[in-house]
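These notes concern the structure reproduced below.
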Amino acid sequence: MSALSSFRERYLLRFWSPLPTLVALGVISAYYFAMTGTFWAVTGEFTRWGGHVLSWFGLQPQEWSYFKIIGLQGTPFDRIDGVMIIGMFLGALVCALWAGNVSLRWPTSKRRLLQGLIGGVIAGFGARLAMGCNLAAFFTGIPMFSVHAWAFMFSTVIGAWFGVKISLLPFLRIPLKVGGKAAALPTAEALARRAKLQWRLGMGVLAIAALFAAWRFEVSLVLGMACLFGLLFGGLIERAQICFTSAARDLWTTGRTQAALGILLGMAAACVGTFAAIHNGLPPKIFWMGPNAVIGGVLFGIGIVLAGGCETGWMYRSMEGQVHFWVVGVGNVIGGTLVAVYWDQLGTSLALPYPKLNLLQEFGPGGGLLITFAGLALCMLLVQLNAQRFTRKRKPSDARHQDADAVA
């Protein structure tokens, strides 16, 4: 096997380990903040997309309170978040094509489409109520030293527990189909042709992405860098199959710890770079520590489990051709836009009266950093203790009772 073939087999065809990839994403997100002045976030921009759609029908969403907070100027091609998200989609598509992992895939049951839409709406609504999703109010929110992100993280885990319980209800269980006619497997020649075609398409999409980045660089350095960071974010989440839903769901179903520990380590890595950028004068993104963060987190946790994927999860899976996650994405946009519609009622009671708490201001730079690291360390310990519930050896008496029941 040639060196090129070996490299492709190891890095472009096989999925990557999520733990080191999440640490890398934490480091890269800190650089992204330092170079663009904003954090890695997606649902705010998805809500702006919903605002643009509403404006097509004669409404004036730019006059609404919520869009005055998050902004609705320009187009996705003019905004840092918009350009970055386009880069994410392109980066995920390039890597999926290079791996030969793109194919149109429908869910086994149409019920999953409705469940994905409802789950996406709930997750999008919860995310924007809390002013962030698994990124802005979690993975990149905690490294901003915003207290609301801690409330959102713990509430999301609780919401995931409710989501697991709801997903197990009989009317949501997908019946297994037995005796159906199996589809013919493609030949080795057909697979080789498909892989070759997708490799070429991937190179073509990469060329389009490079042209898009060059076009944005002509406008400003920040927009061009946002596109490049988006390509990197999208490629990494696709190669490592990064989905925060599995991390939260596994805490309650299997006790697997790799994704959860990777997220926590990634946030710890991001804290260092973000702290340095803030120390050098960049203002952190701090939001209200009110009931909106708790309620939004619970709704987000329920929604992502019902939908089967979070924001990062549905983005790369949709690029792989999974139709179910196209529907989840539409639901996210709808849910976020609903918050904008009802923000005057929601925000005035759940968010705006409450303070924006910054750990670096409340406890000083050193104290805020130490408290954040201590909190992340405590979370790692809780994840490990939770995992022991699934690995603890049964007592001999329990085993005898189970054996007796089996014989009976």
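The values are calculated or read from the model by the stated rules, or taken from the named source; none is laboratory data. These figures come from a predicted structure and were not determined experimentally. Cβ sites come from the backbone with ideal geometry, for glycine too, and all protein chains shown count toward neighbours. Accessible surface areas use protein heavy atoms only, side chains included; no ligands, DNA or RNA. Shrake-Rupley method; radii C 1.70, N 1.55, O 1.52, S 1.80 Å.
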**Asked** Within region 29-58, restricting attention to residues that are out of contact with any helix residue (DSSP H, G or I) (no Cβ under 7 Å at 6 or more places or on another chain) and farther than 18 Å from GLY87 by Cα, which residue is most open to solvent (accessible area, probe 1.4 Å)?
**Response** TRP56
**Request:** Of the numbered conditions (1) touching a residue at least 40 places away in the same chain (Cβ under 8 Å); (2) open to solvent by less than 20 Å² (accessible area, probe 1.4 Å); (3) within 29 Å of VAL305 (Cβ to Cβ), GLY82 fails exactly one; give the number of that condition.
**Result:** (1)
**Request:** For residues that are part of a helix (DSSP H, G or I) and in contact with a Gly (Cβ under 8 Å, 6 or more places away or on another chain), scanning just region 353-387, find the one that is nearest to ALA277 (Cα to Cα).
**Result:** LEU360
**Request:** Count, please, the residues in region 292-329 that happen to be open to solvent by 10 Å² or more (accessible area, probe 1.4 Å) and either under 11 Å from the mean Cα position of the chain (by Cα) or of a type in the set (Phe, Trp, Tyr) (or both).
**Result:** 3
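Hey, any hits in region 138-156 for a residue that's on the phi > 0 side of the Ramachandran plot and either at pLDDT 90 or above or open to solvent by less than 20 Å² (accessible area, probe 1.4 Å) (or both)? Walk me through how you get there before you give the answer.
Initial filter on region 138-156 (on the phi > 0 side of the Ramachandran plot): 145.
Cutting the leftovers down to either at pLDDT 90 or above or open to solvent by less than 20 Å² (accessible area, probe 1.4 Å) (or both) gives us 145.
The answer is yes; a qualifying residue exists.
Condition test on GLY141, is it of a type in the set (Gly, Ala, Ser) and more than 18 Å from the chain's Cα centre (by Cα)? Before the answer, list the steps.
Numbers: of a type in the set (Gly, Ala, Ser): yes; more than 18 Å from the chain's Cα centre (by Cα): no.
For GLY141, the condition - of a type in the set (Gly, Ala, Ser) and more than 18 Å from the chain's Cα centre (by Cα) - is not met.
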**Prompt:** Filtering region 174-196 down to residues that are of a type in the set (Lys, Arg) and modelled with pLDDT under 75, which residue is nearest to PRO107 (Cα to Cα)?
**Reply:** LYS177
**Asked** ALA259 versus (1) open to solvent by less than 30 Å² (accessible area, probe 1.4 Å); (2) assigned to a helix (DSSP H, G or I); (3) closer than 23 Å to ARG111 by Cβ: which is the lone unmet condition?
**Response** (3)
**Prompt:** What residue, among those in region 1-36 that are modelled with pLDDT under 95 and of a type in the set (Gly, Ala, Ser), is nearest to the chain's Cα centre (by Cα)?
**Reply:** SER17
**Prompt:** Taking TRP199 and the conditions (1) of a type in the set (A, V, I, L, M, F, W, C); (2) surrounded by 15 or more Cβ atoms within 10 Å (Cβ to Cβ); (3) at pLDDT 95 or above, which numbered condition does it fall short on, given that it satisfies the others?
**Reply:** (3)
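Please enumerate the residues belonging to region 34-44 that are part of a helix (DSSP H, G or I) and within 17 Å of THR312 (Cβ to Cβ). Working first, answer last.
We begin by selecting, within region 34-44, every residue part of a helix (DSSP H, G or I); these are 34-36, 43-44.
THR43, GLY44, listed by residue number.
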**Message:** So, MET225, is that one part of a helix (DSSP H, G or I), open to solvent by 60 Å² or more (accessible area, probe 1.4 Å) and either touching a helix residue (DSSP H, G or I) at 6+ places or on another chain (Cβ under 9 Å) or touching a residue at least 60 places away in the same chain (Cβ under 8 Å) (or both) or not?
**Reply:** no
**Message:** Within region 2-33, take every residue that is in a helix (DSSP H, G or I) and basic (Lys, Arg) and give me the one that is farthest from ALA96 (Cα to Cα).
**Reply:** ARG10
